[in-house]
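Enquirer: Here it is: the structure, laid out below.
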Amino acid sequence: MNKTTVIKKLNDMMNLEISGAMKYLQFSYMVFGLNRKPSIDFLREQATESIIHSTKIGEKILSLGGSPSISSQEDLKVRKISIEQILKESTQIETKALNGYMNLLKDVADDVVMDNFIREFISEESNHLEEIEKMLRV
Ligand SMILES: [Fe+2]
Ligand SMILES: [Fe+2]
């Protein structure tokens, strides 16, 4: 395993998770109507999960001898958006995370612990994606 490459990619994933958390939290302030309560509960759960993911990754970067560096270019504006549209954009967040972790698999293939670490994220992101896709199903 090339530690430098893995640390760099983990740092990117940490920041992707942080930007995901920010998007979910912002979405939760843009939902109105009858389904507001279950919708914001779901969105804030996803925001929390993303923070948990980014925190775990930051700790792993430290364990590997790196220094986690948080940054975000997100500029999230309040806008009028339907819950369907929020969920569609949420599938993009989850797909991006899933692809990012999938991409890391080949870099950690020779390290059982890291391989297992990444696979857990893959399993959780694919669950998130499946849940959102079910909510979008009509
Ligand atoms: Fe995540
Ligand atoms: Fe997720």
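Enquirer: Here's a check for you: in the stretch 95-109, which residue that is without any contact (Cβ under 8 Å) to a residue 60 or more places away in the chain and within 16 Å of ligand 1 (Cβ to nearest atom) is farthest from the chain's Cα centre (by Cα)?
Expert: This residue is LEU105.
Enquirer: On to the next question. Residue check, MET30 against (1) open to solvent by less than 80 Å² (accessible area, probe 1.4 Å); (2) closer than 26 Å to LYS134 by Cβ; (3) within 15 Å of ligand 2 (Cβ to nearest atom), all met but one. Which one?
Expert: (3)
Enquirer: Further, regarding this structure: Given (1) open to solvent by less than 60 Å² (accessible area, probe 1.4 Å); (2) under 30 Å from LYS3 (Cβ atoms), where does ASN103 come up short, assuming only one miss?
Expert: (1)
Enquirer: Limited to the stretch 110-128, what total is found for residues that are touching a residue at least 60 places away in the same chain (Cβ under 8 Å) and open to solvent by 40 Å² or more (accessible area, probe 1.4 Å)?
Expert: Going through the stretch 110-128 one residue at a time, the tally reaches 3.
Enquirer: Here's a follow-up. Of the conditions (1) under 12 Å from SER90 (Cβ atoms); (2) surrounded by fewer than 20 Cβ atoms within 10 Å (Cβ to Cβ); (3) of a type outside the set (Ser, Thr, Tyr), GLN46 fails just one. Which one is it?
Expert: (2)
Enquirer: Can you spot a residue in the stretch 66-77 that is surrounded by 12 or more Cβ atoms within 10 Å (Cβ to Cβ) and of a type in the set (Lys, Arg)?
Expert: So far as the stretch 66-77 goes, no, none of its residues is surrounded by 12 or more Cβ atoms within 10 Å (Cβ to Cβ) and of a type in the set (Lys, Arg).
Enquirer: Still on this model: Within the stretch 80-94, take every residue that is away from ligand 1 (no atom under 15 Å from the Cβ) and polar (S, T, N, Q) and give me the one that is most open to solvent (accessible area, probe 1.4 Å).
Expert: GLN85
Enquirer: While we're looking at this one, here's another question. For the structure I just gave you, tell me whether SER71 is assigned to a loop (DSSP other than H, G, I, E, B) and either under 16 Å from ASP12 (Cβ atoms) or of a type in the set (Phe, Trp, Tyr) (or both).
Expert: It is true that SER71 is assigned to a loop (DSSP other than H, G, I, E, B) and either under 16 Å from ASP12 (Cβ atoms) or of a type in the set (Phe, Trp, Tyr) (or both).
The values are calculated or read from the model by the stated rules, or taken from the named source; none is laboratory data. Not measured: the values here are computed from a predicted model. Using ideal geometry, Cβ is built from the backbone for each residue, glycine included, and neighbour counts are taken over all protein chains shown. For accessibility, only protein heavy atoms count, side chains too; no ligands or nucleic acids. Shrake-Rupley method; radii C 1.70, N 1.55, O 1.52, S 1.80 Å.
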